[in-house]
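This report concerns only the one structure given below.
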Amino acid sequence: MAKIYTLVNQKGGVGKTTSAINLGAYLGYYGQKVLLIDLDPQSNATSSLGIDKNTVRTGTYEVLLGSAPISPHILHNPRLKISLLPSSPALAGAEVELADLDHQEKRLSTAIEPVLSRYDYILIDCPPSLSMLTINGLVAAKDGVLIPVQCEYLALEGLGMLTQTLDRVRSSFSMNLPVRGVLLTMFDGRTRLALDVVTEVKKYFPDQVFQTVIPRSIRVAEAPSYGQPLSTYAPESSAAKAYANLAREVLGQDGIMIPEGME
Ligand code: ADP
Ligand code: MG
């Protein structure tokens, strides 16, 4: 039975997509079957895995709006060790169209039920908003949310509203919706500010911040244009090593053994 984690933060540019791809790829590297769901109409996760969003015929949009099964829409890349439910520009219209449907907040959750037994992890990459698409991502997140936070000025801005949204979803859908972990991204140890942000975020989310911190690295910005995660594009980079560490931290907390020789 897959664990489902949704990466959420309504701020753009904090590392949601980067973390979804690279955590996903390293979970795959450690032997897990991983499905990444691109829930953002901007299709960044889709393009970062080398797929031209304009060529996507079917994907998240059809799964949310249609009644067709999810399986035929999933793409699998054995080399990158990750499967993808791609997004396309059509998803931008989903917001309005969902409004006319029953159980509009539960469409994604219902759609992924039939494939839960096929994966170990399902990661959902949200758009930078608290829209109906994101609410679908939250309602589907049966094992919790991962909140990437950028180590920058005003890092905590907006997290109060995110917390309120999580509370609302918890009570409306009788879910636990735990904060599975807060991930500090784009850390630059040379700056005082980054260190201050780490302290501040740990105070705001006591015991919920992942030990692994993702450093800022030029390789991260390059990898998407090669359509690859760091695990194949630049496995020796500091950020790749950090995402590998994060995958091991998540697996350890979930009680999943890493294959022998890969520890
Ligand atoms: P979000 O999905 O939250 O909008 P992204 O993952 O797309 O954020 O990241 C925003 C930008 O920051 C992207 O251009 C990405 O390449 C860059 N970025 C993310 N993480 C890092 C990092 N650790 N080091 C350097 N650049 C990063
Ligand atoms: Mg994104």
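The values are calculated or read from the model by the stated rules, or taken from the named source; none is laboratory data. Everything numeric here is computed off the predicted structure, so don't read it as measured data. Ideal geometry is used to build each Cβ from the backbone, glycine not excepted, and the neighbour counts take in all protein chains shown.
Within the stretch 176-196, residues that are among the polar types (S, T, N, Q) sit with their Cβ atoms under 6 Å from residues that are within 16 Å of ligand 2 (Cβ to nearest atom), at 6+ positions apart or across chains, in these pairs: Thr185/Gly15; Thr185/Pro148; Thr185/Gln150; Thr185/Ile214.
Can you find even one residue in the stretch 177-186 that is part of a strand (DSSP E or B) and surrounded by fewer than 18 Cβ atoms within 10 Å (Cβ to Cβ)? Break it down stepwise before answering.
So in the stretch 177-186, the residues part of a strand (DSSP E or B) come out as 179-186.
Adding the requirement that they be surrounded by fewer than 18 Cβ atoms within 10 Å (Cβ to Cβ) leaves 179.
Yes, some residue in the stretch 177-186 is part of a strand (DSSP E or B) and surrounded by fewer than 18 Cβ atoms within 10 Å (Cβ to Cβ).
Which ones in the stretch 115-150 are more than 16 Å from ligand 2 (Cβ to nearest atom) and without any contact (Cβ under 8 Å) to a residue 40 or more places away in the chain? Correct list: Met132, Ile135, Val139. Taking Lys33 as the residue in question, decide whether it is more than 8 Å from ligand 1 (Cβ to nearest atom), modelled with pLDDT under 95 and not hydroxyl-bearing (Ser, Thr, Tyr). When the stated conditions are applied, Lys33 does not pass them.
Could you check how many residues of the stretch 176-201 are under 26 Å from Val139 (Cα atoms) and over 19 Å from the mean Cα position of the chain (by Cα)? Before the answer, list the steps.
Narrowing the stretch 176-201 to residues under 26 Å from Val139 (Cα atoms): 176-185, 201.
Cutting the leftovers down to over 19 Å from the mean Cα position of the chain (by Cα) gives us 201.
Within the stretch 176-201, residues that are under 26 Å from Val139 (Cα atoms) and over 19 Å from the mean Cα position of the chain (by Cα) number 1.
Within the stretch 173-207, the residues that satisfy the criterion of being at positive phi and out of contact with any strand residue (DSSP E or B) (no Cβ under 9 Å at 6 or more places or on another chain) are Ser174, Asp207.
The residue list Leu36, Leu7, Leu49 contains one member that is surrounded by 21 or more Cβ atoms within 10 Å (Cβ to Cβ), within 9 Å of ligand 2 (Cβ to nearest atom) and in contact (Cβ under 8 Å) with a residue 60 or more places away in the chain, which is Leu7.
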